[in-house]
Amino acid sequence: MTTMHDNIQERKNVLFTIKTEIIQRLNIQRDEAQIDDDTPLFGNGLKLDSVDATEIIVLLDKVFNIQVSEGDDPSYMRSINNLASFVITKKRS
């Protein structure tokens, strides 16, 4: 049985991993602490584009062993937090 503390720690770990991987893979000129969990991935947030979206899908596969399917709700790409929720949900299913 997982506790709330375990769930919080898991989320922190996933958020940290997502941020550091995005910074490295997409050559973002910020450090992990400068990216808020609710930062949008596209638009006024990190200003990513469709090529970056493809790289995020590769990141999900390589780092978290998660395959994105056409049936997945695309809202997981809205923010860092949405991406973390997507990863946690997929890992548990």
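Points worth noting:
- Criterion applied to Arg78, Arg11, Arg30 was being modelled with pLDDT under 95 and of a type outside the set (A, V, I, L, M), and the one residue passing it is Arg30.
- Filter pass, Phe42 being outside any helix (DSSP H, G or I) and not charged (D, E, K, R): yes
- Inside region 25-43, residues that are loosely packed, with under 12 Cβ neighbours inside 10 Å and hydrophobic (A, V, I, L, M, F, W, C) make up a count of 1.
- The residues of region 1-16 that are of a type in the set (A, V, I, L, M, F, W, C), in a helix (DSSP H, G or I) and surrounded by fewer than 10 Cβ atoms within 10 Å (Cβ to Cβ) amount to a single one, Met4.
- Residue within region 44-62 that is open to solvent by 80 Å² or more (accessible area, probe 1.4 Å) and under 24 Å from Ile8 (Cα atoms) present: yes
- Selection status of Asp37, outside any helix (DSSP H, G or I), within 12 Å of the chain's Cα centre (by Cα) and not aliphatic (A, V, I, L, M): yes
- One residue stands out in region 82-93 among those that are out of contact with any Lys or Arg (no Cβ under 9 Å at 6 or more places or on another chain) and not basic (Lys, Arg): the one that is farthest from Asn44 (Cα to Cα), namely Ser93.
- Lys19 passes every criterion in (1) touching a residue at least 24 places away in the same chain (Cβ under 8 Å); (2) among the basic types (Lys, Arg); (3) open to solvent by 50 Å² or more (accessible area, probe 1.4 Å) apart from (3).
- Filter result for Gly71 (assigned to a loop (DSSP other than H, G, I, E, B), open to solvent by 30 Å² or more (accessible area, probe 1.4 Å) and at positive phi): no
The values are calculated or read from the model by the stated rules, or taken from the named source; none is laboratory data. It should be emphasised that the depicted structure is a prediction, and the values quoted were computed from it without experimental measurement. Neighbour counts run over all protein chains shown; Cβ positions are idealised from the backbone, glycine included. Heavy atoms of the whole protein, side chains included, go into the accessibility calculation; ligands, DNA and RNA do not. Shrake-Rupley method; radii C 1.70, N 1.55, O 1.52, S 1.80 Å.
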